[in-house]
Amino acid sequence: MTGRIADASLWRAGLDRIEWARAHMPVTSALAARLASEGTVAGIRIGVSDVLEPKTATVALALAEAGAEVTVTSAGRNTDDAVAAALAHAGLPVYARADAERADDRANALALIDHRPQVIVDDGASTIRLAHLERPDVVAEMRGATEQTTSGVRPLRRMQADGALRIPVVAANDARSKSLFDNMHGTGQSVVFAVADVADRSLRGATVVVVGYGRVGTGIAQHCAALGARVVVTETDAVAALQAAFAGYEVRPLTEAVRRADIVISATGIRHTIDVAHLDALPDGAIVAVGGGVGQEIALDAARAAGAVEISRDAAVSVLRMPSGTRVRVLDDGNCLNVSAAEGNPVEIMDLSFGVQLASVAHLLVTPDLAPGVHDLPRAADDEVAAIALGSFGGALDVPSAAQTAFLAAWNPEDGDE
């Protein structure tokens with residue numbers, strides 16, 4: 001075994017937390033058991049590049065127990081050193097440590113790629129893209145990859161359009177069992193709670209500007225409103241903006257909304273969503289944060305180049321003085337706040353997401369003729385993940401009656417309703 005971790009002696013504390021998570025992940029456990037019984041991943045080299053915490057570790061261990069050769073990496077800001085130690089103690093090569101700098105993160109991802117994975121399970125698509133750029137010989141031998149974030153699927157679709165994506169990638173993010181729950185409920189809740197916790201501020205009575213009304217933004221807006229905030233939504237998509245208006249939120253351009261914001265939360269996954277002019281226009285003492293997203297979604301480098309100066313720092317709260325004199329409180333340097341400065345999404349939510357990832361891995365391996373490009377998880381596999389989760393909550397599906405089945409089989413939409 002090889003790897004780079006911070007402190008191997010932390011393994012027991014990490015293992016205790018992994019075992020707790022595993023006890024609350026019935027979907028992941030059920031699908032991993034099937035992979036093991038059917039031999040789907042036996043002998044397959046799988047690289048897991050994801051936030052390294054107990055829920056991710058559960059998936060990595062489940063794949064290894066099902067017969068895969070698993071290697072793990074994670075960015076330093078997203079790494080729990082005790083969990084990394086537990087995986088290393090279990091025999092997995094792990095390249096991740098919490099004190100890693102950006103150059104170390106890149107080196108660690110390349111180290112994972114140098115294990116020549118046949119499948120990469122990715123979060124943000126950074127490792128998939130790095131493999132294409134730096135290890136094309138590894139990519140040439142890969143069976144494919146899975147991607148579980150909106151901000152990761154977007155550049156992969158761009159690569160596909162440019163003819164640069166050389167492997168099939170299953171967009172686990174787009175499966176209904178993932179996006180309807182992880183994005184909206186899980187990330188929505190965990191981002192809002194992280195803002196309140198890190199900023200040490202109640203949302204009751206606050207004006208919160210939610211930038212982007214996709215599924216993550218929808219969840220953030222709902223949870224802010226539930227905690228008593230006055231929510232203003234900004235959107236560039238007319239239909240999404242109309243959805244926000246129908247949900248009861250004020251919808252305004254960002255340049256206008258920031259002028260009376262107490263808190264701004266970006267949920268677009270697009271660089272420079274909150275630009276220098278937006279930061280400069282905020283009221284003194286306003287808070288800015290990112291839920292999910294990408295680097296520089298808050299344009300902090302550009303702000304510093306324009307004359308912004310950090311005047312104080314307390315844990316994950318940095319206070320910038322903008323050229324206008326306004327003081328802006330930036331949470332966790334604009335990183336993915338709910339992950340890098342909090343506990344991430346609830347285990348029940350991530351059980352669904354990782355169940356989708358395992359279903360996506362299985363789809364890649366049992367469908368050898370998938371062409372290079374971004375692919376949806378088949379509806380049947382998506383439905384199976386949801387059905388297992390429903391059963392774990394004590395629910396049960398209804399089934400169509402014989403009359404309904406006959407009607408649907410014979411129905412022709414051109415016949416009207418009769």
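Worth a mention:
- Residue within region 336-358 that is of a type in the set (Val, Ile, Thr), under 30 Å from residue 140 (Cβ atoms) and either touching a Lys or Arg at 6+ places or on another chain (Cβ under 9 Å) or buried (at least 20 other Cβ atoms within 10 Å of the Cβ) (or both) present: yes
- Top-ranked residue in region 267-284 [being in a loop (DSSP other than H, G, I, E, B) and of a type in the set (A, V, I, L, M); ranked as surrounded by the fewest Cβ atoms within 10 Å (Cβ to Cβ)]: 270
- Qualifying position, being among the small types (Gly, Ala, Ser) and closer than 20 Å to residue 357 by Cβ, among 202, 190: 190
- Looking only at residues of region 228-240 that are part of a loop (DSSP other than H, G, I, E, B) and surrounded by 15 or more Cβ atoms within 10 Å (Cβ to Cβ), we find that the one that is nearest to the chain's Cα centre (by Cα) is 235.
- Every residue from region 90-121 that is surrounded by fewer than 21 Cβ atoms within 10 Å (Cβ to Cβ), among the basic types (Lys, Arg) and farther than 21 Å from residue 357 by Cα: 102, 106
- Residue within region 189-206 that is surrounded by 19 or more Cβ atoms within 10 Å (Cβ to Cβ), among the polar types (S, T, N, Q) and in contact with a helix residue (DSSP H, G or I) (Cβ under 7 Å, 6 or more places away or on another chain) present: yes
- Long-range neighbours under 9 Å by Cβ, at least six apart or interchain, first residue farther than 13 Å from residue 323 by Cβ within region 274-287, second surrounded by fewer than 21 Cβ atoms within 10 Å (Cβ to Cβ) and of a type in the set (Asp, Glu): 283/262; 285/262; 286/262; 287/262
- Here region 285-329 is the region considered, the condition is being among the charged types (D, E, K, R) and surrounded by 19 or more Cβ atoms within 10 Å (Cβ to Cβ), and the residue that is modelled with the highest pLDDT is 329.
- Number of residues in region 5-57 that are under 21 Å from the mean Cα position of the chain (by Cα), in a helix (DSSP H, G or I) and within 20 Å of residue 108 (Cα to Cα) equals 3.
- Among the residues making up region 200-220, those that are aliphatic (A, V, I, L, M) and within 14 Å of residue 292 (Cα to Cα) are 210, 211, 216, 220.
- For region 242-257, taking the residues that are surrounded by 17 or more Cβ atoms within 10 Å (Cβ to Cβ) and small (Gly, Ala, Ser), the one that is nearest to residue 214 (Cα to Cα) is identified as 244.
- Residue check, residue 266 polar (S, T, N, Q) and more than 23 Å from the chain's Cα centre (by Cα): no
The values are calculated or read from the model by the stated rules, or taken from the named source; none is laboratory data. This one's a predicted model, so the numbers in the text were calculated from it and none came from an experiment. Virtual Cβ from ideal backbone geometry, glycine too; neighbours counted across all protein chains shown.
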